[in-house]
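*Asks:* The structure is given below, and queries will be raised subsequently.
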Amino acid sequence: MARKYFGTDGIRGLTNSGAMTAEMAMKVGMAAGRHFLRGEHRHRVVIGKDTRLSGYMIESALQAGFTSVGMDVTLVGPMPTPAVAMLTKSMRADMGVMISASHNPYADNGIKLFGPDGYKLSDEDELAIEAAIDGEVALATPGEIGRAKRIDDARGRYIHFAKSTFPSDLRLDGVRVVVDCANGAAYQVAPEALWELGADVVQIGVNPNGLNINDKIGSTHPHALAAKVVEVRADIGIALDGDADRLIVVDERGQVIDGDQVMATIAGGWARAGRLQGGGLVATVMSNLGLERHLAGQGLELIRTAVGDRHVLEAMRARGYNVGGEQSGHIILSDYATTGDGLVAALQVLAEICRADAPASRVLNRFEPLPQLLKNVRFVGGKPLEADTVKAVIAEAEAELAGSGRLVIRPSGTEPVIRVMAEGDDPQQVERIVDRICDAVRKAA
C-alpha cells in the first residue's frame, strides 16, 4: 500500500510546508497517541528533539496532540535519536518520538516514532497512524486529558548508558579525541561521555543556534574534523550527524574512515572475542565489495539489504546478527541499541584501538576498497528503468563485471533520480559502465 506521509525514516520535509507544519504535527500526535492507547494504565510518550529552530514548534504541536487524546508527555529536550529510543524502553513508555531531519539542513525537520520496545514502527503501525491522521480521532474527556513534564536528568541517563557499553577494563587516558557534534543533538552528551571515560576531548560543532545544524560540519562534512585532528595532533576524530545516529571516523593522519571500515573493525574485534552473532554482519547493497571480500577471508558472511538502516535492522533481527549498518555511517549494534548509535559505535572503535595499542590508521583500515562510482540521473515522469534499451545496457554491464565487480541501480526514494553505482577492480571500466548506463537512462527518460 502506498504511503502518504511516512517515508523510509518517519515523516520528513521542509518546515512549514507540506507534511511538516504545526497542524500536521498535532495530528500526528493525536493519531499516534490514540493508536498506542492500549490497556487501562496511564499512557506516556517520550519526546526528544535535535537543535533545529523549528523543533520548538513541532514539539509544542506534538505535545498538544498527545495530551488531547489522554497521553502523558515526557519532554527530554535535545537528545540523540538512540537516546530517545533507549529512554522510551527504560522508562516503560508506550512510545517515543524524535523530532529531527537527521543530516538534512536546518530548514527541514522530521518526526520519527518508536514503539514501547524502542524499535521504529512496523509498516502496519505506520499505515494505521496514516489512516487516523486523515480521519476522525476520538479525544479524551476533560478529566482524562494528558499532562506534560520536562525531565532534567535525561542527559545523565544516556551518558551513563553510553559509558556502560565501553569495556570496563579499558580507559581512554592519554587518548586525544576530536568530536564533531554537527551542532546537533549530541552537542552535550558526546563530549561529556568521552571526557568521563578519560579522553582528552577537543570539541567542534557544539555551539548550536537553531540554524547551523549540519552546516558544513558533522558526518556528512568531515573536512572540518579532519583539519582539526591534524591541527591538534589528535589520535582520532569522531563525527556525528544532527541526531547522532550516524558515525564517520577520521584517523590521526586526517583520512576519512567510512562506515564499511568501521563495521569491519567492530565485527573483526567481536569475532575474535567470540561475541559476534550470526557469523558475519548485515549491510546494504551500497557497501563496498572490498568489505565482502575482507569478511570472506575471515570466514565471515556479509548479508546485503536494500538501502536504509531500517532494512538492515529487520534483517539483523530476523537472522540473529548483532552487527550491521551502512557505508554512510549508521552502525547498529543490537547488543546495546535498537537503532543506529554514533556515540556507542565510536566507543567500540576506541576500544579496538586501545586493545591494539596501535594508531587509528592501522586499526581502522581493514581492507582496500574497490573503486566505486555513483552518479545520479534526474528524470521527469515515466519509468526509465523499464525501457528495453536500458535493460539491455544493464545486462551488458553485468556480464562485463561478472566476477570482478558489482552493479547497483535504483530509483531514489525521496526525489526523481535514478542512482547508478558500479564498482570493480578496474576504475576505468567502472567509469565507462556508469557513464554508459546513465546515457541510456537519460535517453529513455
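The values are calculated or read from the model by the stated rules, or taken from the named source; none is laboratory data. Every value quoted in this text rests on a predicted model; they were computed, and no experiment measured them. Positions of Cβ are generated from backbone atoms using ideal geometry, with glycine treated the same way; all protein chains shown enter the neighbour counts. The area values use the complete protein model at the heavy-atom level, side chains included, leaving out ligands, DNA and RNA. Shrake-Rupley method; radii C 1.70, N 1.55, O 1.52, S 1.80 Å.
*Asks:* Using amide H atoms built in the peptide plane, which far-off residues or other-chain residues are under 5 Å from Asp108 H to H?
*Replies:* Thr15
*Asks:* Find, among the trypsin sites (Lys or Arg not before Pro) in region 58-115, those assigned to loop by DSSP (not H, G, I, E, B) with at most 16 other beta-carbon atoms within 10 angstrom.
*Replies:* Passing sites in region 58-115 are Arg92.
*Asks:* With a 10 Å cut-off between alpha carbons and a GNM built on the chain, which of Gly198, Gly381, Gly280 moves the most?
*Replies:* It is Gly381.
*Asks:* Taking all protein chains as present, what is the carbon and sulfur share of the accessible area of the chain, in % to the nearest whole number, probe 1.4 Å? Let's see the in-between values first.
*Replies:* Values: 9210 of 18630 Å².
Of the solvent-accessible surface of the chain, carbon and sulfur hold 49 percent.
*Asks:* In terms of the Cα gyration tensor, with a ≥ b ≥ c the square roots of its eigenvalues, is region 294-445 rounded because a/c is under 1.5, prolate because a/b exceeds b/c, or oblate?
*Replies:* prolate
*Asks:* Now, a different point. Taking a probe of 1.4 Å, how large is the accessible area per residue of region 351-445, in Å²?
*Replies:* 55 Å²
*Asks:* If a helix is a whole DSSP H run, which ones in the chain reach 27 Å or further along their own axis (Cα) and hold a mean Kyte-Doolittle hydropathy of at least 1.6?
*Replies:* Span-like helices, by this rule, are absent here.
*Asks:* Build a GNM of the chain with springs between Cα atoms under 10 Å: which of Asn288, Asn376, Asn16 gets the top mean-square fluctuation?
*Replies:* Judging by the Gaussian network model, the answer is Asn376.
*Asks:* Could you work out the pair-distance distribution P(r) of region 1-115 from its alpha-carbon pairs, with 10 angstrom bin width and percents rounded to whole numbers?
*Replies:* Using 10 Å bins, I get a P(r) of 16, 51, 30, 4, 0 for region 1-115.
*Asks:* Which of the peptides 176-184, 387-395 is most tightly packed, and how do the rest follow, going by the mean number of other Cβ atoms within 10 Å of each residue?
*Replies:* Values: 176-184: 27.3, 387-395: 14.6.
Final packing ranking: 176-184, 387-395.
*Asks:* Out of all DSSP beta bridges in the chain, what portion is antiparallel? Express it as a percent rounded to 5.
*Replies:* Of the beta bridges lying entirely in the chain, close to 55 percent run antiparallel.
*Asks:* Under a GNM of the chain (C-alpha, springs under 10 Å), which listed residue has the highest mean-square fluctuation: Leu281, Leu121, Leu240?
*Replies:* Leu121
*Asks:* Shape of region 290-337 from its Cα gyration tensor (a ≥ b ≥ c, root eigenvalues): rounded if a/c is under 1.5, otherwise prolate when a/b > b/c, or oblate?
*Replies:* Prolate shape, in that a/c is at least 1.5 and a/b is the bigger ratio.
*Asks:* Determine the percent antiparallel among the DSSP beta bridges restricted to region 193-324, to the nearest 5.
*Replies:* Around 55 percent antiparallel, to the nearest 5.
*Asks:* Sort the chain into rounded, prolate or oblate with this rule: let a ≥ b ≥ c be the square roots of the eigenvalues of the Cα gyration tensor; rounded if a/c is under 1.5, and if a/c is not under 1.5, prolate when a/b is larger than b/c, oblate otherwise.
*Replies:* Verdict is oblate for the chain.
*Asks:* Could I ask something else about it? So what is the 222 nm mean residue ellipticity for the chain from helices alone, if each DSSP H run of at least 4 adds -39500 (n - 2.57) and you divide by all residues, rounding to the nearest 500 deg cm²/dmol?
*Replies:* It lands at -11500 deg cm²/dmol.
*Asks:* Here's another thing I want to ask about it. Loop only by DSSP, 11 or fewer other Cβ within 10 Å of the Cβ. Give me the GluC sites (Glu not before Pro) in region 63-172 that pass, ordered by residue number.
*Replies:* Glu136
*Asks:* Still on this structure, please answer the following. Expressed as a rounded percentage, what relative contact order does the chain have, with Cα pairs under 8 Å and six or more residues apart?
*Replies:* That works out to 12 percent.
*Asks:* To continue, here is another question. Just the accessible area per residue of region 140-284, please: how many Å² with a 1.4 Å probe?
*Replies:* Per residue, region 140-284 has an accessible area of 42 Å².
*Asks:* Charges only on Cβ, +1 for Lys and Arg, -1 for Asp and Glu: so what's the dipole of region 337-417 about the Cα centre, in debye to the nearest 20?
*Replies:* Values: 9 positive and 10 negative charges, 26 e Å.
Using only the charged Cβ atoms, the result is roughly 120 debye.
*Asks:* Taking amide hydrogens as modeled 1.01 Å from N in the peptide plane, which residues meet the under 5 Å criterion relative to Val202, leaving out close sequence neighbours?
*Replies:* Val177, Val178, Val179
*Asks:* Convert each backbone phi in region 357-369 into a coupling constant with the Karplus relation 6.51 cos²θ - 1.76 cosθ + 1.60 (shift: θ = phi - 60°), then list the ³J(HN,Hα) values in order as whole Hz, x for Gly and Pro.
*Replies:* For region 357-369, the Karplus-derived couplings read 6, 9, x, 4, 4, 7, 6, 8, 8, 7, 8, 8, x Hz, x marking Gly and Pro.
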